[in-house]
Each structure stands twice: as C-alpha cells, then as structure tokens.
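*Asks:* Take this structure first; my questions come after.
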Amino acid sequence: MRISAVVITLNEERHIRRCLESLQGVADETIVVDSGSQDETVKIAGELGARTMSREWAGYSDQKNYGASFAQYDWILSLDADECLSPALRNDILQAKQHLSGVVAFEFPRKAFYLGRWIEHSGWYPDRKVRLFLKTKARWEGRFVHESLRVDGPIGRLSGDLLHFSCETISEHLQSLDRYTTLAAQDLWHSGAKRSAGSGLASSAILAFVKTYWLKQGFRDGVQGLLIACFASYYNLVKHAKVWEFEQRSQLRQRPAASAQPQ
C-alpha cells in the first residue's frame, strides 16, 4: 500500500509546515493544490518536498478531486492545511499500510483545538472523517461547502486522532462564518430549499444552540463550548437569512421595473 497525500491551500503559511511535516514518513508523495496564495505557502510546501500546482479556486470538492487525479498511487490521504496527523494516527496508518483488511477507505476521529483548548464535546468530537481511501472507489461531492466523500465499498476505522487547528480568535471565527454561511446558503438555494418570507429562521437558530450546548454536552467544554453553541446558532440564523435574501432578490428581478418604484 503506497499513499499519495493531497492538501489544498490558500494563504496557509501559518499551518502548512505542521501539516506537511506530519505526513513525512507516512505519505509516499505529497501533492499541494494552491489557489493563488500571496504568502509563503507554496515556498514552504516546496521546501518540504511537496509537488505543488496552482489552480484557480473551483470549490472544495473540485479542488480535492483535481489533486487526486494527479496522484501516482492508488491510496489517497486527503488533509486540509490546518490539519495534521497525531502520532497515534501516524502509527495507525503505518500499520494499515502493512496489513490491508479488504476495505476501500478508512475513517478516523478529528479533534479540534479551538481558542486555546482541545474540544471533546459540542458535536465537534469524535467527528469521524473518511480521509484515507482508494481513489478508484471514492470521490468528493458537494457544490460549494460541506463536501463529502462518496465511498463505494467497506470502510475501516482507525483510532488515532486527526488534529484540526481551528480558529485562534473570535474575529477569525466570525470571518469564517460569514464565508461559510454564504457558501451554505448558495448550496441550499441551488438545491431548491428556499424559505419563503424567512420562515424557520428563529427556530433553526434556537434548535442549533440546544443541540450543541445541551444534547451534545457543549457545557463540558467550558467557555469555548458556550461560544461554539452560540456560533452554531448564529450560523443557522445567518445561513437561512441569506437564503431568504437570495429569494427576495430573485423576486425583485422578476418584477416589472415600474413596480419596484415607491408610490
């Protein structure tokens, strides 16, 4: 079993070294697909032996599938730049390379480091992800955001953690929420899931908080858990509000020009 690691990047000089160093000795080649970084991302990747290529951003799934298409080996290990393999996961993958068990993919838990703390509840852990797979048996899907891997065959499970170095500041989290709510709203809009007159805005936000803080035991993650629950509520509110905004703009474009003028 030989592995091609694929990492997609955009201005990730803060994270890329840790990510790529964790792959050394595990991946037999590393491919970085960069979307036009203006920092030292590509330089650092090259210094660490990665094969880098530049491609205009086309969505998470498309970028990951593009990188996998250049892989020399049958097995793909797909990581985001702000992720890295824990020592335990490195060991699990090395053992899997020596003892294949008839599966076509492997999943493993992902643990997030958020605002100075490892998060172990809040619906963020174990957050199992399928990231190691046969390229002929799996493909990334999803138009804008929340990409998922469609796997054709049995999936094995590894116990070591994939480490995710999430937002370091609240401002950074808010910026990412603005970007992701727009992408998620576009997904909903294009799928036809429109919410006329903004119905469900408040209920979706309230339910997200209750689920994250109480049902998923976010209260056990301290202040960070409370913030995660609040931001989950905010995410749902803004996502559906943006779908409503798309609907209003669509209706406005369909009206005769004269009807849009105030009386």
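FYI, it's all coordinate maths here, none of it is from the lab. Because the structure is a prediction, the values reported are computed rather than measured. Please note: Cβ atoms are built from the backbone with ideal geometry, for glycine as well, and neighbour counts cover all protein chains shown.
*Asks:* Among 81, 58, 45, whose mean-square fluctuation peaks in a Gaussian network model of the chain (Cα, cutoff 10 Å)?
*Replies:* Looking only at 81, 58, 45, the largest GNM fluctuation is found for 58.
*Asks:* Once the other residues with Cβ under 11 Å from the Cβ of residue 81 are scored (Lys, Arg +1; Asp, Glu -1), what is the net sum?
*Replies:* -3
*Asks:* Sticking with this structure for a sec: Neighbour counts of other C-beta atoms within 10 Å: give me 190, 121 arranged from fewest to most.
*Replies:* Least to most surrounded, the residues fall as 190, 121.
*Asks:* To continue, here is another question. Which percentage, to the nearest 5, of the DSSP beta bridges contained in the range 3-165 is antiparallel?
*Replies:* Restricted to the range 3-165, the bridges split so that about 40 percent are antiparallel.
*Asks:* Under 5 Å between amide hydrogens, which residues at least 5 positions from residue 30 or on another chain qualify, with H placed 1.01 Å from N in the peptide plane?
*Replies:* Answer set, sorted by chain and number: 5, 51.
*Asks:* Please compute the net charge surrounding residue 158, taking Lys and Arg as +1 and Asp and Glu as -1 over other residues with Cβ under 9 Å from its Cβ.
*Replies:* -1
*Asks:* Can you list residues whose amide H is under 5 Å from residue 12's amide H, if they're 5+ apart or on another chain and H is modeled 1.01 Å from N?
*Replies:* 41
*Asks:* A follow-up question, please. Which whole-Hz ³J(HN,Hα) couplings does the range 208-224 yield from phi under the Karplus relation 6.51 cos²θ - 1.76 cosθ + 1.60, θ = phi - 60°, glycine and proline marked x?
*Replies:* Computed from phi, the couplings for the range 208-224 are 5, 5, 4, 4, 6, 7, 9, 5, 8, 6, x, 4, 7, 9, x, 4, 4 Hz.
*Asks:* On to the next question. For the chain, what is the calculated [θ] at 222 nm in deg cm²/dmol (nearest 500), taking -39500 (n - 2.57) for each run of four or more DSSP H residues and dividing by its residue count?
*Replies:* -12500 deg cm²/dmol
*Asks:* Next up: In percent, how large is the relative contact order of the chain, given Cα pairs closer than 8 Å and 6 or more residues apart?
*Replies:* This gives 17 percent for the chain.
*Asks:* Using modelled backbone amide H atoms (1.01 Å from N, in-plane), which distant-in-sequence or interchain residues come within less than 5 Å of residue 166's amide H?
*Replies:* Residues meeting the criterion, in which the H sits 1.01 Å from N, are 113.
*Asks:* Let me ask another. Give a residue-ordered list of calculated ³J(HN,Hα) values for the range 241-254 (Karplus: 6.51 cos²θ - 1.76 cosθ + 1.60, θ = phi - 60°; whole Hz; x for Gly, Pro).
*Replies:* For the range 241-254, the Karplus curve yields 5, 6, 4, 4, 5, 4, 5, 5, 5, 5, 5, 5, 5, 7 Hz.
*Asks:* In addition: Taking θ as phi - 60°, what are the ³J(HN,Hα) couplings along the range 89-106 by the Karplus curve (6.51, -1.76, 1.60), each to the nearest whole Hz, with x for Gly and Pro?
*Replies:* So the J values, rounded to whole Hz, are 5, 4, 5, 4, 5, 4, 5, 5, 5, 8, 9, 5, 10, x, 8, 10, 6, 10.
*Asks:* Enumerate the lysines that residue 239 could reach by cross-link, defined here as Cα to Cα under 28 Å, with residues fewer than 8 away along the same chain left out.
*Replies:* 64, 111, 129, 194, 211, 216
*Asks:* If you take every residue apart from residue 47 with its C-beta less than 10 Å away from the C-beta of residue 47, what net charge results, scoring Lys and Arg +1 and Asp and Glu -1?
*Replies:* That works out to +1.
*Asks:* Just want to confirm a number: the relative contact order over the range 1-149, from Cα pairs under 8 angstrom separated by 6+ residues, in percent.
*Replies:* Relative contact order for the range 1-149 comes out at 27 percent.
*Asks:* Among 52, 181, 136, which comes first, second and so on when ranked by fewest other beta-carbon atoms within 10 Å?
*Replies:* 136, 52, 181
*Asks:* With 10 angstrom as the radius, rank 206, 119 by how many other C-beta atoms surround their C-beta, starting from the fewest.
*Replies:* 206, 119
*Asks:* Moving to a separate point now. For the range 1-48, what is the relative contact order in percent, using Cα pairs closer than 8 Å and at least 6 residues apart in sequence?
*Replies:* 52 percent
*Asks:* Sticking with this structure for a sec: Name the aspartates and glutamates eligible as straight-distance cross-link partners of residue 137: C-alpha to C-alpha under 20 Å, and not fewer than 8 places from it in the same chain.
*Replies:* Candidates past the 8-residue exclusion: 28, 29, 62, 74, 107, 147, 152.
*Asks:* Under the Kirkwood approximation for Rh and a Cα-based Rg, what ratio Rg/Rh is obtained for the range 1-130?
*Replies:* Ratio of gyration radius to Kirkwood radius for the range 1-130: 0.96.
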